[in-house]
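Peer 1: Below: one structure in structure tokens.
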Amino acid sequence: MEFTYAAAPESRSVVDIAPSYKLFINGDWVAGKGGTFPTINPATEEVLSKITQGSASDIDRAVKAARNAYTKIWSKLPAKERGKYLFRIARILQERAREFAVLETLNNGKPIRESRDVDIPLAAAHFFYHAGWADKLDYAGVGKSPKPYGVVGQIIPWNFPLLMLAWKIAPALATGNTVVLKPAETTPLTALLFAEVCQQADLPDGVVNIVTGDGRTGAALVNHPGIDKIAFTGSTEVGKIIARAIAGTEKKATLELGGKAANIIYDDAAIDQAVEGIINGIFFNQGHVCCAGSRLLVQESVYGTVLDKLQERMAKIRVGDPMDKNTDLGAINSAAQLAKIKELTSAGDSEGATRWSSPCELPEKGFWFAPTIFTGVTESHRIAREEIFGPVLSVLTFRTPAEAIEKANATPYGLSAGIWSEKSSKILWTAQNLRAGVIWSNTFNKFDPASPFGGYKESGWGREGGRHGLHGYLLTTQKSHSQKGGK
Amino acid sequence: MRLDVKKTYKLFIGGQFPRSESGRSYEITSPKGVFLANAAQASRKDLRDAVTAARSAFSNWSQATAFNRGQILYRIAEIMEGRRDQFIAEIVACEGVNTKKASEQVDAAIDLWVWYAGWCDKYISVAGSQNPIAGPFYNFTTPEALGVIGAIADQKSSLVGLVQSIAPIITSGNSALIIANEKSPLSAITLSEVLATSDLHAGVVNILTGKVAELAPWMASHMDIDGIDLSGAPRKSATELKTLAADNLKRCHHFTGESLERILAFTESKTVWHPIGV
């Protein structure tokens, strides 16, 4: 007898996509000056809408609106009232969760199961968490009555469009800043729907401004003299460009950049659980995750077992229609990203690693890449060093814990890492020695608004989430020890 | 009669006192132009050697217990106290201030070591957290040392500004390389002698004397330095240095005075998730 899944598509009737979108500036929809570009569904290549390419003058207009809102309204509002706006936004996101989930999946290509169960609930939770901080900033650990920067420019990626918006806007508003946010070029729709939520919440005009566009729009934002602070999530390459661009200014920055996380499987791990963790680590969100567990480090004595179980499990990953509730792996976000994945995996072949892909049928239209692992990978291979940002896992082995640490740390990145072992002392020793900002033991890719997130080394500057995340949006009022008369 | 034995001022790298590999030195004079000594003029190669020494010292120093680090920092204060007269005399000679002023500077520098010594086993409790996440996980965030930190010491004072930079960097377990006050480097070398006899691991602090304008860009662009304290950098060079530092995203900071912030600026927060269950 053969068991197959019946199709279980989520209905898209809950969303209402306009044929075109303007920019959201000063609480209003305004026409931009940079022309338009189409936004598509990467699973079907269907054009969903026409998006405005924000120009430098549009950015200027948005920054002025944000400054005006900061000076005249937002900075004068009592903190507890500021917090209430965030609570309102959190509630509206919860109420409209289905709509956001469907829209996110249509524009991003991620499985509806993930947008519904991860992205949107976490985005709402982020607003709820930060709402409560608004009138408690004295306890944030940066001194009495800390002050906001003022106007913050924020640039977010396409892998978790609404969630990254929440990671940026929620702490910025809670701490009393106003924002100009640029969503990713390929995934602007949920940010534009969020603008509607701001209106629905009666958020004062200009506190949140959303300007769509490509890298040129982002550059105009970074270089605008009216911006006090930049918050960016994206590639390390662009992060360095931003760091150079602001070197001669008073602007501050938080950067959440690339990663090449080691996922370490010790021989005393619960192997079945570890295999689930490997799958979640690299195939969650098509591997479009900066903290993805993209370098598997397996202790030699269990290498055969882990590899067999991993391939068996990979063959069961359901790849296809992101709107189907049974889908595990959706579409690659764009043609450009697919080309990048193909280029790096060909380098894996040509440098001598062995490719194995799960035997799955890929849809004809849209951008797809089958779950893939490379074995026989050495540390010098490009697929072991460079961020692929796709459903591709490089498998390496080690003999001793010290060797695992050495290999795990041999990267300019330092965002995250995973450890699988049933021995807690070994886990804590490993965690202590790993040079990474987020360490998951016997789990992977877990996120929470109360848990600080961010990287060591070239994975970025600062943290997002938790008490630590507030520091990126507050000016310290701490005096030096001797100024306080402590000496 | 007896002839004075003059002191030779050298660099401090990896716990040793080498001359500059370049063979260069430069004259140190009092504000009135009186010759005081020849100081070693460090080169790019000396700076790179200092980075290598600092990197190899990092692992043991950052993993020493906080209690142990605190004891060593306090020991530095003790040894400085015993060398008060030498420090005072060198400050008087280099800066041209009176004994009272020089003595105040030495007092302040010693007290800074005592203040930071006490922070070694406290900053983690103050700046770390346990995070109440929505799930069956124990989740905690703890700051830890960043790695190798470069610093350009304050160019106004010869001793207190130097300690202002070094002490907070090594409190958390970082190792450091410091470009000393260019005009008045004598205190820096005497401080090296204190550090060398204080149980501080070799290579944790490396002190270079020489030209700030020559050395600072090499420091900013070195790919194995994780952060820079730019407090003593000339204002007009900050843009250039930060631009160079962006090549490996060094954490760059300016400070005034001593503060917990100064320790935390060169730490990195690590968040660990651990499941709870039976």
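Peer 1: Once both axes come from the Cα atoms, what is the angle between helix A:56-69 and the longest principal axis of chain A, in degrees from 0 to 90, rounded to 10?
Peer 2: The helix A:56-69 is inclined about 60 degrees to chain A.
Peer 1: Per residue, what accessible area does the stretch A:1-116 have, given a 1.4 Å probe and all protein chains present, in Å²?
Peer 2: 51
Peer 1: A further question follows. How large is log10 I(q)/I(0) at q = 0.09, 0.13, 0.16, 0.20 Å⁻¹ when the Debye formula is applied to the Cα atoms of the stretch A:222-358, each weighted equally and without solvent?
Peer 2: Relative scattering, expressed as log10 I(q)/I(0), comes to -0.40, -0.75, -0.98, -1.25.
Peer 1: Which semi-axis lengths, in whole Å and largest first, follow from the square roots of five times the eigenvalues of the Cα gyration tensor of chain A?
Peer 2: 37, 28, 20
Peer 1: Could you pull out the GluC sites (Glu not before Pro) across the stretch A:352-385 that fall in loop regions by DSSP (anything but H, G, I, E, B) with no more than 11 other Cβ atoms inside 10 Å?
Peer 2: Hits after loop and neighbour filter: A:361, A:364.
Peer 1: What does the charge count near residue B:254 come to, summing +1 for each Lys or Arg and -1 for each Asp or Glu among other residues with Cβ under 13 Å from its Cβ?
Peer 2: +1
Peer 1: Please find the FRET efficiency linking residue B:6 to residue B:85, where r is the Cβ-Cβ separation and R0 is fixed at 25 Å, and quote it to the nearest 0.05.
Peer 2: The formula returns an efficiency of 0.90 here.
Peer 1: Would you mind checking the tilt of helix A:236-245 against the longest principal axis of the Cα atoms of chain A, expressed as 0 to 90 degrees and rounded to 10?
Peer 2: 30
Peer 1: For the stretch A:302-307, what does the Karplus curve 6.51 cos²θ - 1.76 cosθ + 1.60, with θ = phi - 60°, yield as ³J(HN,Hα) per residue in whole Hz, taken in order and with x for Gly and Pro?
Peer 2: In residue order, the calculated couplings are 10, 4, x, 4, 4, 5 Hz.
Peer 1: Rank B:184, A:57 by accessible area, highest first, at a 1.4 Å probe radius?
Peer 2: I get A:57, B:184, largest accessible area first.
Peer 1: Excluding residue B:102 itself, what net charge comes from residues whose Cβ is under 12 Å from its Cβ, given Lys and Arg +1 and Asp and Glu -1?
Peer 2: -2
Peer 1: Starting at the first residue of the stretch A:333-346, write each ³J(HN,Hα) from the Karplus equation 6.51 cos²θ - 1.76 cosθ + 1.60 with θ = phi - 60°, in whole Hz, x for Gly and Pro.
Peer 2: 3J(HN,Hα) across the stretch A:333-346, in whole Hz: 5, 7, 4, 5, 5, 4, 5, 5, 5, 5, 5, 5, 6, 5.
Peer 1: Before we go on, tell me the buried accessible area for the B/A pair, both chains summed, 1.4 Å probe, in Å² to the nearest 100.
Peer 2: That pair hides around 3400 Å² of surface in total.
Peer 1: Could I ask something else about it? Can you list the residues, at least 5 places off or on another chain, whose amide H is less than 5 Å from the amide H of residue A:54, using H built in the peptide plane?
Peer 2: Residues meeting the criterion, in which the H sits 1.01 Å from N, are A:212, A:213, A:214.
Peer 1: Further question: With angles folded into 0 to 90 degrees, how steeply does helix B:160-171 sit against the dominant principal axis of chain B? Use alpha carbons for both and round to 10.
Peer 2: 30
Peer 1: While we're here: Within the stretch A:1-99, report the GluC sites (Glu not before Pro) that DSSP leaves as loop and that have at most 13 other Cβ atoms within 10 Å.
Peer 2: Taking the stretch A:1-99 and a limit of 13 other Cβ atoms within 10 Å, the loop GluC sites (Glu not before Pro) found are A:2, A:45.
Peer 1: Considering the Cα trace of the stretch A:86-221, what is its radius of gyration and what is Dmax, both in angstroms?
Peer 2: For the stretch A:86-221, the Cα-based Rg and Dmax read 14.6, 45 Å.
Peer 1: Let me ask something else about it. Within the stretch B:1-160, count lysine pairs with alpha carbon atoms under 20 angstrom apart where the residues are 8 or more positions apart or belong to different chains.
Peer 2: Value for the stretch B:1-160: 6.
Peer 1: At residue A:318 and residue B:107, where each label point lies 7 Å from the Cα along Cα→Cβ, what is the point-to-point distance in nanometres?
Peer 2: The two pseudo-label positions are separated by 7.7 nm.
Peer 1: While we're here: Skip the ligands, DNA and RNA, and give the accessible area per residue of the stretch A:262-449 with a 1.4 Å probe, whole Å².
Peer 2: So the stretch A:262-449 comes to 35 Å² accessible per residue, rounded to a whole number.
Peer 1: Rounded to the nearest 5, what % of DSSP beta bridges with both residues in the protein assembly as shown are antiparallel?
Peer 2: In the protein assembly as shown, approximately 40 percent of DSSP beta bridges are antiparallel ones.
Peer 1: Something else about it: What net charge is computed for the residues neighbouring residue A:34, neighbours being all others with C-beta under 10 Å from the C-beta of residue A:34, Lys and Arg scored +1, Asp and Glu -1?
Peer 2: 0
Peer 1: Let me ask something else. What distance in nm lies between label points placed 7 Å from Cα along the C-beta direction at residue A:268 and residue B:134?
Peer 2: Result: 3.5 nm between the two label points.
Peer 1: Taking 20 °C and 1.002 mPa s as the conditions, I'd like the Stokes-Einstein D for the stretch B:42-81 in µm²/s, using the Kirkwood hydrodynamic radius from alpha carbon pairs.
Peer 2: 181
Peer 1: For a Förster distance of 30 Å, can you work out the FRET efficiency between the beta-carbons of residue B:114 and residue B:183, rounded to the nearest 0.05?
Peer 2: Working from the Cβ atoms, E equals 0.60.
Peer 1: Which of A:252/A:479; A:80/A:144; A:50/A:229 have a Cα-Cα distance over 22 Å?
Peer 2: Cα-Cα > 22 Å for A:50/A:229; rest within.
Peer 1: How much of the accessible area of chain A, in percent, comes from carbon and sulfur atoms when a 1.4 Å probe is used?
Peer 2: 52
Peer 1: So how compact is chain B: Cα radius of gyration and Dmax in angstrom?
Peer 2: In order Rg, Dmax, the Cα atoms of chain B give 19.4, 83 Å.
Peer 1: Additional query: Kindly list the residues of the stretch B:148-162 that lie in the label zone of residue B:237, defined by a backbone N under 12 Å from the point 7 Å along the Cα-to-C-beta vector.
Peer 2: Output list for this probe position: B:151-155.
Peer 1: If you count, for every residue in A:436-444, the Cβ atoms of partner chains within 10 Å of its Cβ, what is the mean?
Peer 2: The mean count of partner-chain Cβ atoms within 10 Å per residue comes to 5.
Peer 1: Using a 1.4 Å probe on the protein chains only, how many percent of the accessible area of chain B belongs to carbon and sulfur?
Peer 2: The nonpolar share, carbon plus sulfur, comes to 54 percent.
Peer 1: Can you give the FRET efficiency to the nearest 0.05 for residue B:22 and residue A:250, using r as the Cβ-Cβ distance and R₀ = 60 Å?
Peer 2: 0.95
Peer 1: On to the next question. Amide H of residue B:251: which non-local residues (sequence gap of 5 or more, or other chain) have their own amide H closer than 5 Å, using H built in the peptide plane?
Peer 2: Amide H to amide H, under 5 Å and 5 or more residues apart or across chains, residue B:251 pairs with B:227, B:228.
Peer 1: Here's another thing I want to ask about it. Restricted to Cα positions, what overall size does the stretch B:1-96 have along the principal axes? Three whole-Å values, descending.
Peer 2: 49, 33, 28
Peer 1: Which value, in Å², gives the accessible area per residue of chain B when a 1.4 Å probe is used on the protein heavy atoms?
Peer 2: 41
Peer 1: Label point 7 Å out from residue A:144 along Cα-to-Cβ: which residues of the stretch B:234-274 have amide N under 18 Å?
Peer 2: B:260-261, by backbone N distance to the label point.
Peer 1: A follow-up question, please. Report the label-to-label distance for residue A:432 and residue A:202 in nanometres (one decimal), using points 7 Å from each Cα along the Cα→Cβ vector.
Peer 2: Simple spin-label model gives 5.5 nm for this pair.
Peer 1: Please list 3J(HN,Hα) in residue order for the stretch A:38-51, calculated via the Karplus relation 6.51 cos²θ - 1.76 cosθ + 1.60 where θ = phi - 60°; whole Hz, with x for glycine and proline.
Peer 2: x, 10, 10, 8, x, 7, 10, 6, 5, 6, 8, 6, 9, 10
Peer 1: For peptide A:241-254, compute the average count of partner chain beta-carbon atoms within 10 Å of each residue's beta-carbon.
Peer 2: The per-residue average across the peptide is 3.
Peer 1: Same structure, new question: Determine the shielding of peptide B:141-151 by partner chains: average, over its residues, the number of Cβ atoms on other chains within 10 angstrom of each Cβ.
Peer 2: The shielding value for this peptide is 2.
The values are calculated or read from the model by the stated rules, or taken from the named source; none is laboratory data. Quick caveat: nothing in here was measured; it's all calculated off a predicted structure. Here the Cβ is made from the backbone with ideal geometry for all residues, glycine too, and neighbour counts use every protein chain on show. Heads up: the accessible areas ignore ligands, DNA and RNA and are worked out on the full protein's heavy atoms, side chains in. Shrake-Rupley method; radii C 1.70, N 1.55, O 1.52, S 1.80 Å.
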